[in-house]
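Take a look at the structure set out below.
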Amino acid sequence: LFHMHATQMLHTSMIYPKKYDRESHLKDRADYPDYFKYDGVEKPPASNDDMRISYANYMKFLDDIFDGVMQSIKTAGQWDNTIVLFSSDNGGAVYTFSASNNYPLRGAKLSKWEGATRVNQFLTGGWINKNINRPKRKNESDTYIFAADWAPTLLEMAGASRDLIIGDKEGTTYGKEMWKYIKNSVSEVPWGTDANKPHQLERQVTYSSEFQYDVRMDRTFKFHYTGSNPQVFT
């Protein structure tokens, strides 16, 4: 069974139950804005600080939705057979009516900097615990992964073939199977000690005929001008 739950959060137009403003975990702070004490036509324009706290309250709503889905899976007795991937679609926007802050990453939504393209993701579910030696694992993976990698990776985790991906022409349309790299990166195996299970897949990422990005070494997301002689980064 595959299920996708795509929310509109966190996103303008910032519509969520207002009880999350009234019952905010921040409401007892001395600097909790007056903005949340009003409702209707008398409500003052929101400042950047107001929007930041609104984002936090909005996030609590998303957290409750996610918790409800997870509890439903456990109630159905399917937790041990479940893989959960939680992911953002892009970095936060910094235009009007938004209070996102992607620091220390540079840039924001609609750019090509890491503030736009490097997002929060995590894997959970009982299947993960059964397939990684939990007492010896780290909670963070240092593996670089592209959004298009998830379709073949989830199929790999399920023991299925990427041939099931409609439109994947000879394995080139979508990304790569990354489970073995993720699994190794959270184990206690030091970098480079097992040549058969490297943490990173050597790959080339191209945004145009002129620019490429070294996904391994260039953590500041600098673009390299390659002109008519593109480099292959390994």
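Could you sort the peptides 77-83, 56-62 by per-residue average Cβ neighbour count (10 Å cutoff), highest mean leading?
Values: 77-83: 13.9, 56-62: 17.0.
The most tightly packed comes first, giving 56-62, 77-83.
Of Ser54, Gly68, Ser98, which is farthest on the positive side of the dipole of the stretch 53-111, counting Cα position, with +1 on Lys and Arg Cβ, -1 on Asp and Glu Cβ, and the Cα centre as origin?
Working it through, the farthest residue towards the positive pole turns out to be Ser98.
Using a Förster distance of 25 Å, how high is the FRET efficiency between Asn129 and Asp63, based on the Cβ-Cβ distance and rounded to 0.05?
After rounding, the FRET efficiency stands at 0.75.
Report the extension gain between Lys37 and Gln121 in nm, rounded to one decimal, defined as 0.36 nm multiplied by the number of residues separating them, less their alpha carbon distance. Intermediate values should be presented prior to the final figure.
On the way: separation 84, 0.36 × 84 = 30.24 nm, distance 3.41 nm.
Contour length minus the Cα-Cα distance gives 26.8 nm.
Past 29 Å, Cα to Cα, is the threshold; run Lys37/Lys74; Lys112/Lys169; Lys112/Lys176; Lys130/Lys176; Lys18/Lys109; Lys74/Lys138 against it and keep the listed order. Don't jump to the answer; show the numbers that get you there.
Details: Lys37/Lys74 38 Å; Lys112/Lys169 26 Å; Lys112/Lys176 21 Å; Lys130/Lys176 23 Å; Lys18/Lys109 26 Å; Lys74/Lys138 24 Å.
Exceeds cut-off: Lys37/Lys74.
For a quick check: with amide H placed at 1.01 Å from N, whose amide H comes under 5 Å from Gly92's, ignoring anything fewer than 5 positions away on the same chain?
Lys109
Report the net charge of residues surrounding Phe61, where surrounding means a beta-carbon distance below 13 angstrom and charges are Lys +1, Arg +1, Asp -1, Glu -1.
That works out to -1.
Explain nothing, just the number: dipole magnitude of the stretch 1-139 about its Cα centre with +1 on each Lys and Arg Cβ and -1 on each Asp and Glu Cβ, in debye rounded to the nearest 20.
700 debye
Coordinate-derived values only; no laboratory data. As the structure is a computational prediction, the values presented were derived from the model and not from experiment. All Cβ positions, even for glycine, are placed from backbone atoms using ideal geometry, and neighbour counts span all protein chains on display.
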